[in-house]
Amino acid sequence: MNLIPVNPVVERSLKEPSLAAVHRFRDTLEKNGINVTIRKEMGRDIDGACGQLRRRYQDKREQGDTKEE
């Protein structure tokens, strides 16, 4: 199973778990025989992480900006 960090998206109330919480969850899964990989975070610094680009694109469409970037 791939554990993918939650990325902040303005309209969502989800918060990123601590690294310790991620490791506890991974350990629980592994103790139950599930192979786990913690995915490396990429793109958050440019709002390019999972969910962030989608939101930016939706916002622009709602504002009438249909230009492709």
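The values are calculated or read from the model by the stated rules, or taken from the named source; none is laboratory data. Worth saying up front: this structure is predicted, and the values here are computed from it rather than measured. Neighbour counts run over all protein chains shown; Cβ positions are idealised from the backbone, glycine included. We work out accessible area using only protein heavy atoms, side chains counted, and drop any ligands, DNA or RNA first. Shrake-Rupley method; radii C 1.70, N 1.55, O 1.52, S 1.80 Å.
Does at least one position in segment 34-52 carry a residue that is among the charged types (D, E, K, R) and at pLDDT 75 or above? Can you show your working first?
Step one: filter segment 34-52 for residues among the charged types (D, E, K, R), giving 39-41, 44-45, 47.
If we keep only those that are at pLDDT 75 or above too, we end up with 39-40.
There is at least one residue in segment 34-52 that is among the charged types (D, E, K, R) and at pLDDT 75 or above.
One line per residue, one yes/no per condition, for (1) on the phi < 0 side of the Ramachandran plot; (2) at pLDDT 75 or above; (3) more than 16 Å from the chain's Cα centre (by Cα):
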| position | (1), (2), (3) |
| --- | --- |
| L3 | yes, yes, no |
| V10 | yes, no, no |
| R24 | yes, yes, yes |
| R55 | yes, no, no |
| K60 | yes, no, yes |
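Can you name the residue in segment 11-30 that is assigned to a loop (DSSP other than H, G, I, E, B) and free of Cβ contacts under 8 Å to residues at least 40 places away in the same chain and, of all such residues, is most open to solvent (accessible area, probe 1.4 Å)? Can you show your working first?
Step one: of segment 11-30, the residues assigned to a loop (DSSP other than H, G, I, E, B) are 11-18.
So of that shortlist, the ones also free of Cβ contacts under 8 Å to residues at least 40 places away in the same chain come out as 12-18.
Working: R12: 137, S13: 106, L14: 120, K15: 173, E16: 93, P17: 61, S18: 64 Å².
Within segment 11-30, the match that is most open to solvent (accessible area, probe 1.4 Å) is K15.
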